[in-house]
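Single-structure report; data block below.
Read-outs throughout are calculated quantities, based only on the coordinates presented, and are distinct from any laboratory measurement. Only a predicted model underlies this, so the values are computations on that prediction, with no experimental measurement involved. Neighbour counts are summed over all protein chains in view; Cβ atoms, including those assigned to glycine, are modelled from backbone coordinates with ideal geometry.
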Amino acid sequence: MSALKRATTNPHQNPTETNPLTSLLQSFTAYRSEPTPESYHFLLKTLAQSSQFHHIPPVLDHLEKNEKFETPEFVFSGLLESYANANDLKGALELFFRIPKFRCVPSVYLLNSLLKLLCRSREGLELVPGLLLRSRDLNIRLEGSTFDVLIAALCRLKRIGYAIELMNYMVNDGFDVNTKICSLLLSSLCKQRGVDSAQVMSFVEGMRKFGFCPGLVDYRNVIRFLVKAKMGRDALGVLSQMKSDGIKPDTICYTLVLDGIIEMGDFSKADELFDELLGFGLIPDVCTYNVYINGLCKQNKIEAGIEMVASMEELGCKPNLAIYSLLVEGFCRTGDVSKAVDLVREMESKKIGLNGETCRIMIDGLVKEDKIAEACALLEEILDKGFPAGSLSFDVLICQLCQKGQFSKALELVEKMVDKHVSPGSRVWEALLLTSDSKFSFVEPIFTSLVDTNKHQPS
């Protein structure tokens with residue numbers, strides 16, 4: 001073997017031994033030995049890894065016709081994978097059906113390995129039915145593991161109906177239910193479009209009859225599905241079932257159900273759930289706080305939301321932009337814009353950058369309270385600092401300036417917007433033209449400049 005490895009890995013050191021099969025035979029002949037299955041395995045693996053597939057057929061022919069030992073399966077398993085990786089699927093199939101000629105009885109293990117390789121691509125999937133039919137000629141009996149491979153492939157292709165049907169055939173044929181495959185099916189079903197809650201719950205109950213006990217991740221997937229379908233009450237029921245089954249929900253489960261209950265407007269139940277979460281010794285994360293503070297803001301309990309932020313920080317959980325945006329919007333909606341401004345300043349001091357949505361909320365709030373000067377100052381700050389923001393809120397502000405006769409200030413902001421590549425909307429130009437009258441000459445150069453700028457922007 002040492003001589004074979006030297007000859008194969010360093011062929012240039014011995015130019016006369018350029019043929020890999022010759023290297024194999026001479027290496028063993030020199031020591032009056034016969035090549036072993038391991039030596040063939042090494043040589044075939046080396047040739048495949050170095051993409052010398054043209055040297056493989058002579059080696060296989062010699063193995064088939066000249067050797068007498070029973071060739072172990074491991075000699076072929078790696079080679080089948082190499083053929084598949086080289087996208088030679090038909091070559092892999094031909095080798096598989098040729099295996100008995102090497103005095104080897106292929107097992108279901110080797111069949112499953114080949115199925116996994118074929119199921120990685122659509123081209124390979126087309127070859128699966130033929131492989132399964134011909135495998136009977138090799139006396140290979142399908143096992144539960146074979147069904148598992150096929151079901152996993154169908155789930156990956158989002159053919160969940162076929163996967164469930166195959167699972168039913170598997171159960172009817174007396175195979176045991178694989179918990180891992182059941183979880184995969186449930187997860188895939190929850191992600192499938194067009195599936196309703198009745199189908200999901202029916203599948204869970206059906207699998208229970210065959211001994212499947214949903215675990216934490218399974219319950220979490222079902223709860224997420226129900227909340228996304230705006231069925232918060234059903235999600236709460238699944239949470240209760242989870243506890244009845246002796247499975248402790250985690251923070252993610254509680255956060256998901258909280259979100260569903262708050263979306264329904266059942267705020268008292270949301271408070272109970274949050275207290276229950278704490279009572280179980282679970283630690284809320286930033287997503288949990290985000291959901292709960294959203295519920296407080298929907299009830300216009302903005303100050304309670306501020307207190308919750310303080311509690312978060314005491315527990316070492318840093319509030320994020322989404323939470324601050326909820327509170328800023330809450331203050332603006334309830335008419336307490338000055339507190340919203342203070343909150344924005346606090347965000348800046350904590351290095352929490354604004355986004356376009358927060359800027360829009362603030363400007364809309366200031367305009368609504370007729371605090372035009374403060375709105376203009378904020379808009380200019382947004383433009384100067386390069387914060388991301390769309391033109392919609394800017395348009396509202398500029399239209400307000402035009403209505404109040406502050407044409408110069410409106411024009412100044414438009415110029416700044418154009419310089420920062422923020423395109424004013426049609427309402428702005430209409431307001432400017434109606435307000436400017438004889439001052440149209442001031443508007444025209446800006447409009448022309450903006451059009452010229454947009455010509456050079458990538459489409």
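Results, tabulated for the structure shown:
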quantity	calculated
Column: log10 I(q)/I(0), Debye, Cα scatterers of segment 94-203, q = 0.20 Å⁻¹	-1.07
Using alpha-carbon coordinates, inclination of helix 74-85 to the longest axis of the chain, degrees	40 degrees
Protection proxy ranking of 252-265, 404-417, 277-290 - average other beta-carbon atoms within 10 Å, highest first	252-265, 404-417, 277-290
Which of LEU111, ALA410, ASN294, positive extreme of dipole for the chain (C-beta unit charges)	LEU111
Descending semi-axes in Å of the chain, equivalent ellipsoid built from Cα gyration tensor	66, 35, 21
Longest to shortest principal axis, alpha-carbon extents of segment 4-118, angstrom	40, 28, 17
With Cα atoms, 0 to 90° folded angle of helix 20-29 axis to the chain main axis	50 degrees
Gyration tensor verdict on segment 106-163 (Cα atoms; rounded if a/c is under 1.5, prolate if a/b is larger than b/c, oblate otherwise)	prolate
0 to 90° range, to nearest 10: angle between helix 108-118 axis and the chain longest Cα axis	50 degrees
Computed [θ] at 222 nm, deg cm²/dmol, the chain (DSSP H ≥ 4; -39,500 (n - 2.57); rounded to nearest 500)	-21500 deg cm²/dmol
